[in-house]
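Worksheet: the structure to be examined is printed underneath.
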Amino acid sequence: MSAVIEARGVGRVFSHDGAELRAVDDVSFTVGEGEFVSIVGPSGCGKSTLLMMIAGLEPVSAGECLIDGEPLRAPQPRKIGMVFQDATLLPWQTAAENVEFPLSLSGENREARRSRVAALLKLVGLDAFSGHFPHQLSGGMKQRVAIARGLVRDPRILLMDEPFAALDEQHRMKMGEELLRIWTETRKSVVFVTHSLNEAIYLSDVVYVMRAQPGRIVERITIELPRPRRFEMLGSEYVGRVRNRIWELISMEVT
Amino acid sequence: MRSLAAQLICAAVLAALWETASRLKIVDPSLLPPFSVVCATLWSMLWDAQILYEVWVTGVEVMVAFLIAAPLALLCGFFLGEKPRWGEVFNPIIEFILAVPQSVFLPLFMLALGTGYTQKIVFGVTHAFFVIAVNTVAAVRTVPHPYVLLARASGASRGQIYRRIYFPAMLPLVLTGLRLGMIFNVTGILLAEMFSSRHGLGRLIFSWAESFQITRLLAGILLVTLLTIAFNEVMRAWEVRVSRGQSAGIAA
């Protein structure tokens, strides 16, 4: 597995009224081709900031991010698809127009755009809702639209920032299952930020655990569960051990 | 649809009350002529070349003032919303001026600019400018940051971010500003006409009052009322259309 994403000593410092806050400090990790990686940690540990830096949306204060071995200087819409918290659909556009949004910016021809959008709405199971506006869709449906939009330019990388945080537990697990199905079909490299341990373990090949002040990665945990994953696996002794280990790492700093 | 029917019934009841109160002389008919008589007068006024000319004069003033005030206020509002450093200084000033009843400045305007078109148009412009600018500042400020991030991640240029994100996100509040600006603008111009002009609908209405032509006075008021309500409703329908699913906008 070659590294699609590589972070080398990445850091981000915010200065506020003279005080310096090290939101992310000396973070290094790699994501391989087709790998599903999660970043877990308590709120405020800098995991979203880290993701924004990998996306090229937030400048780095130290170190560098490499995408396909090339230093990242600006957003890479062709290589990186993003799925934001709370879906972030444009309310004045229909589901189909939202999915089409990244394509419409690059002036691709209309026919190709339409068929691409239709294929992706089908992939996420929303082909019957293409003409609906975001406020007419449920939370889960909005996130499916957001995922379709993230995939519309067929990027190799999908970055997801707590995409299911606004959903209740039941829908969250359902969307996780749905995401794994889509991932199996498209084989993207995924970086998934969450604060749900179950979600991270259920979805990922590798989980990075972060802690705050300064925000840093404290452990890399390989999830040795066979695929396809099933919900029952979350009840296994192995998963219990992993969950406890992550919990230990995270809660150590709270005390 | 249902509430529209109820509203029409309310209007009809009011008209009927007016009509009967006047016909049965519960109210002095010389002060409040029957509704039907006022309507008939209004109808005949619509065919009176002299009156139409005065309406035309006011209409042109209103349009010119709006065409000056709106682009200026939109530009200033956008600039002050986008440049927080400038906004910090000038936004409070604009809010202060918006809070002052501008009618107190009318005598000053008359002294400085006379009683012609210029004075009326300037008075309309100053009435409209501030409310449009304040709403535009608010519109820029309420563009959700995640939308901008999404656009950048999708490879949008600066121009595309303005066109594809700012414009539609700002539109509901901007339309509210333009609608209120137009109402303020009309108020300013009618006021200026009443007290400092020889021409226009405001002057006409005022002179009917001075010469105690109550029926014509009421017909004139009814005309202004109907025109402004029609404008307001068209603009509001537009606002509702562009703001579906968006939380901002739609208050006044």
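The values are calculated or read from the model by the stated rules, or taken from the named source; none is laboratory data. Remember, predicted model here, so these are calculated numbers, not experimental data. We place every Cβ from the backbone using ideal geometry, glycine too, and count neighbours over all the protein chains shown. All accessible areas refer to the heavy atoms of the entire protein, side chains included, with ligands and DNA or RNA removed. Shrake-Rupley method; radii C 1.70, N 1.55, O 1.52, S 1.80 Å.
Only one of (1) within 14 Å of another protein chain (Cβ to nearest Cβ); (2) touching a residue at least 24 places away in the same chain (Cβ under 8 Å); (3) in contact with a Ser or Thr (Cβ under 8 Å, 6 or more places away or on another chain) fails for A:Arg113. Which number is that?
The single condition A:Arg113 does not satisfy is (2).
Restricting to the range A:117-137, name every residue that is open to solvent by 20 Å² or more (accessible area, probe 1.4 Å) and within 14 Å of another protein chain (Cβ to nearest Cβ).
A:Gly131, A:His132, A:Phe133, A:His135, A:Gln136
Just wondering, is there one or more residues in the range B:139-149 that are closer than 27 Å to A:Arg153 by Cβ and not in a helix (DSSP H, G or I)?
Yes: one or more hits.
Residues checked against (1) within 14 Å of chain A (Cβ to nearest Cβ); (2) open to solvent by less than 20 Å² (accessible area, probe 1.4 Å); (3) closer than 30 Å to B:Glu193 by Cα:
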| position | (1), (2), (3) |
| --- | --- |
| B:Gly114 | no, no, yes |
| B:Gly124 | no, yes, yes |
| B:Ile132 | no, yes, yes |
| B:Pro146 | yes, no, no |
| B:Arg152 | yes, no, no |
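Run B:Arg152 past the list (1) in a loop (DSSP other than H, G, I, E, B); (2) on the phi < 0 side of the Ramachandran plot; (3) touching a Pro at 6+ places or on another chain (Cβ under 8 Å) and report the number of the one that doesn't hold.
(1)
Against the definition (out of contact with any Ser or Thr (no Cβ under 6 Å at 6 or more places or on another chain), open to solvent by 60 Å² or more (accessible area, probe 1.4 Å) and not in a loop (DSSP other than H, G, I, E, B)), how does A:Ser15 come out, yes or no?
Here the answer is yes, as A:Ser15 does meet what is asked.
Counting only residues that are facing another protein chain (nearest Cβ under 10 Å) and farther than 19 Å from A:Trp92 by Cα, which one in the range B:154-168 is most open to solvent (accessible area, probe 1.4 Å)?
B:Ser157
I'm checking my understanding of the structure. Among residues of the range A:18-32 that are β-branched (Val, Ile, Thr) and under 18 Å from A:Lys79 (Cα atoms), which one is least open to solvent (accessible area, probe 1.4 Å)?
Once the filter is applied, the top-ranked residue is A:Val31.
Look at A:Ala95 and say whether it is of a type in the set (A, V, I, L, M, F, W, C) and either under 22 Å from A:Leu57 (Cα atoms) or at the interface with chain B (Cβ under 8 Å from one of its Cβ atoms) (or both).
For A:Ala95, the condition - of a type in the set (A, V, I, L, M, F, W, C) and either under 22 Å from A:Leu57 (Cα atoms) or at the interface with chain B (Cβ under 8 Å from one of its Cβ atoms) (or both) - is not met.
Hey, among B:Gly177, B:Gly181, B:Gly188, which residue is out of contact with any His (no Cβ under 9 Å at 6 or more places or on another chain) and either modelled with pLDDT under 95 or more than 14 Å from every other protein chain (Cβ to nearest Cβ) (or both)?
Result of the check over B:Gly177, B:Gly181, B:Gly188: B:Gly177.
Go through the residues of the range A:152-173 one by one and say whether even a single one is assigned to a helix (DSSP H, G or I) and modelled with pLDDT of 90 or more. So that I can check it myself, show each step before the final result.
First pass over the range A:152-173, keeping only residues assigned to a helix (DSSP H, G or I): A:169-173.
Add one more test, that the residue is modelled with pLDDT of 90 or more, and what stays is none.
Taking every residue of the range A:152-173 in turn, none turns out to be assigned to a helix (DSSP H, G or I) and modelled with pLDDT of 90 or more.
Filter the range A:33-90 for residues that are away from every other protein chain (no Cβ under 14 Å), acidic (Asp, Glu) and assigned to a loop (DSSP other than H, G, I, E, B); which is least open to solvent (accessible area, probe 1.4 Å)?
Result: A:Glu35.
Which residue, of A:Ala212, A:Ala165, A:Ala146, is open to solvent by 10 Å² or more (accessible area, probe 1.4 Å), within 12 Å of the chain's Cα centre (by Cα) and more than 18 Å from A:Arg229 (Cβ to Cβ)?
Exactly one of A:Ala212, A:Ala165, A:Ala146 is open to solvent by 10 Å² or more (accessible area, probe 1.4 Å), within 12 Å of the chain's Cα centre (by Cα) and more than 18 Å from A:Arg229 (Cβ to Cβ), namely A:Ala165.
List the number of the failed condition for A:Glu224; all other conditions in (1) without any contact (Cβ under 8 Å) to a residue 24 or more places away in the chain; (2) touching a Lys or Arg at 6+ places or on another chain (Cβ under 7 Å) hold.
Among (1) without any contact (Cβ under 8 Å) to a residue 24 or more places away in the chain; (2) touching a Lys or Arg at 6+ places or on another chain (Cβ under 7 Å), the lone unmet condition for A:Glu224 is (2).
Is it fair to say A:Glu100 is of a type in the set (Asp, Glu) and open to solvent by 30 Å² or more (accessible area, probe 1.4 Å)?
Working: of a type in the set (Asp, Glu): yes; open to solvent by 30 Å² or more (accessible area, probe 1.4 Å): no.
So A:Glu100 does not fit the description; no.
Can you tell me which residues in the range B:47-74 are over 19 Å from the mean Cα position of the chain (by Cα) and open to solvent by 70 Å² or more (accessible area, probe 1.4 Å)?
B:Trp47, B:Ala49, B:Gln50, B:Leu52, B:Tyr53
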